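Trainee: The structure's right below; bear with me while I get my questions together.
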Amino acid sequence: MRLPLSFAALFLSVILQQLSSGGVGPLDALSGFALHFTTAEIGILGSAHFVGFFIGCWWAPRLMGSVGHSRAYAAFTAAGVIGLVAHPLLTTPEAWAIFRMATGLSVAGAYTVIEAWLQAEVTNETRGRAMAAYRMADMGAALVAQMLIGVLEPAHYVSYNLLALLCCTAMLPITLTRRAQPTTPATPRLRPGLAGARSPLAVAGVIVSALSGASFRMVGPIYGAGVGLQPDQIGLFLAAYIAGGAAAQYPVGWLADRFDRRTVLIWLSVASILVSAATATFTGLSPAGVMAMAAVFGVVTYPIYSVSAAHAHDFADSSERVELSAALMFWYAVGAIAAPYGAALLMAAFGPASLFALIGAGHLVLVIFGLIRMSARPAARRTPYVYAPRTSFTIGRLLSRQREERD
């Protein structure tokens, strides 16, 4: 059975939205560098993105309930366009932080609408293929978005206009659809304490995942420039991280479904410490060597969020799935807000290699805490491992059925 044509419009919007929002992070980092922003100021831009992302995750379900899916999507996309085209108008770090909040708000809101629409369209027969296609569209576009930095000139209005055009184009497939808008689902309650009550280790895991991913993607371009990479090579450096993370999902999922998930999480963090230590120590690597390290870094760090989420859901009831997913996303957003600025401060004081020293230290804490938690209680029954995108507070609705397959 083929997927309905309406899914093509949703996935096309995902691709265009990801190309736009995924491209602005590295572009802002290199543009800030060209405009003589300090390293700390560039880090603030990354943190501001996740402030906007957090606001968008909270507000989007409420706005969607008030004005409908299409209008909410248009409003959030417009916010992203405004944030992008405003960059060349005011070239101060304070103004750009506000603009990045707008783009972060946009991507969170847009993904919330898309996932709500996708949830309304899927059936039991199409769910697996729809989710696989959604993941491929999202991760594939994210990978290509990193490489745009090779063709986008830093601190140039044309570069930001091109990303704004992609963001505008993302509106068309959804706003021009003839299909009736689905019923707006109830907004999940945001209960951050639920995640801690079900699994303190999962909360620690998603925060460390945010430390790894948000700091790497938002200030990683500064590291790349610091070790001598050219802009096109920086794009490949960031893309290698995403490609490594995508390649790791199946083998890590296989391990997480067969062994104690805490053991898998601990060994992933041990590997992350080793890779971070090697990257921080071997500063004279060739560009190919730097990219290879980024790919391995993606392999060992990218799946940590999904393993942590699966571990938390092992201790949850079916009625808690959606709210638990939202709570885990809350803690991820908290970590992602703090990580880029904290990493940038260290890089300003101690050099580019301190980015990986910080990440390694975070994983060391996670290893110690994981060992403590393993002695506190036995492993729970296993729900199926599911790759969990970090896109919205409502992603749990799309994933809940897959987590129930063994119940």
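The values are calculated or read from the model by the stated rules, or taken from the named source; none is laboratory data. Bear in mind that the values here come from a model prediction, so they are computed numbers and not experimental data. Neighbour counts run over all protein chains shown; Cβ positions are idealised from the backbone, glycine included.
Trainee: Kindly establish whether ALA361 is surrounded by fewer than 24 Cβ atoms within 10 Å (Cβ to Cβ), under 18 Å from the mean Cα position of the chain (by Cα) and either among the small types (Gly, Ala, Ser) or not in a helix (DSSP H, G or I) (or both).
Mentor: When the stated conditions are applied, ALA361 does not pass them.
Trainee: Look through GLY298, GLY284, GLY351 and report the one residue that is assigned by TED's automatic domain parsing to the domain that holds LEU201, crowded, with 21+ Cβ neighbours inside 10 Å and not basic (Lys, Arg).
Mentor: On inspection, the qualifying residue turns out to be GLY298.
Trainee: Any residue in segment 201-211 that is in the same structural domain as PRO389 (by TED's automatic domain parsing) and over 25 Å from PRO378 (Cα atoms)?
Mentor: Yes.
Every residue, every condition in (1) farther than 30 Å from VAL151 by Cα; (2) assigned to a helix (DSSP H, G or I), yes or no:
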position: ARG189; (1), (2): yes, no
position: VAL219; (1), (2): no, yes
position: GLY235; (1), (2): no, yes
position: THR263; (1), (2): yes, yes
position: LEU268; (1), (2): yes, yes
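Trainee: Further question on the same structure: Is it fair to say ALA75 is in contact (Cβ under 8 Å) with a residue 60 or more places away in the chain, crowded, with 16+ Cβ neighbours inside 10 Å, farther than 24 Å from ALA246 by Cβ and among the aliphatic types (A, V, I, L, M)?
Mentor: No: the conditions fail for ALA75.
Trainee: Just a yes or no: is a residue in segment 88-100 in contact (Cβ under 8 Å) with a residue 40 or more places away in the chain, crowded, with 23+ Cβ neighbours inside 10 Å and under 17 Å from the mean Cα position of the chain (by Cα)?
Mentor: The answer is yes; a qualifying residue exists.
Trainee: Check every one of the helices (runs of 4 or more DSSP H) wholly within segment 2-121 and list those with 2 or more residues that are in the same structural domain as PRO173 (by TED's automatic domain parsing) and on the phi > 0 side of the Ramachandran plot.
Mentor: Where helices (runs of 4 or more DSSP H) fall fully within segment 2-121, none carries at least 2 residues being in the same structural domain as PRO173 (by TED's automatic domain parsing) and on the phi > 0 side of the Ramachandran plot.
Trainee: Quickly run through segment 296-310 and pick out the residues that are more than 15 Å from TYR250 (Cα to Cα) and either outside any helix (DSSP H, G or I) or in contact with a Phe, Trp or Tyr (Cβ under 7 Å, 6 or more places away or on another chain) (or both).
Mentor: The answer is PHE297, and nothing else.
Trainee: Return the residues of segment 298-323 that are of a type in the set (A, V, I, L, M, F, W, C) and more than 30 Å from SER276 (Cβ to Cβ); say none if nothing qualifies.
Mentor: Initially, segment 298-323 is screened for residues of a type in the set (A, V, I, L, M, F, W, C), giving 299-300, 304, 307, 309-310, 312, 315-316, 322.
Selection gives ALA316, VAL322.
Trainee: On to the next question. Please name all residue pairs, on different chains or six or more residues apart, with Cβ atoms under 9 Å, provided the first residue is in segment 137-149 and is more than 22 Å from ALA9 (Cβ to Cβ) and the second residue is among the charged types (D, E, K, R) and buried (at least 20 other Cβ atoms within 10 Å of the Cβ).
Mentor: Once the first residue is more than 22 Å from ALA9 (Cβ to Cβ) and sits in segment 137-149, its partners that are among the charged types (D, E, K, R) and buried (at least 20 other Cβ atoms within 10 Å of the Cβ) give GLN146/ARG217.
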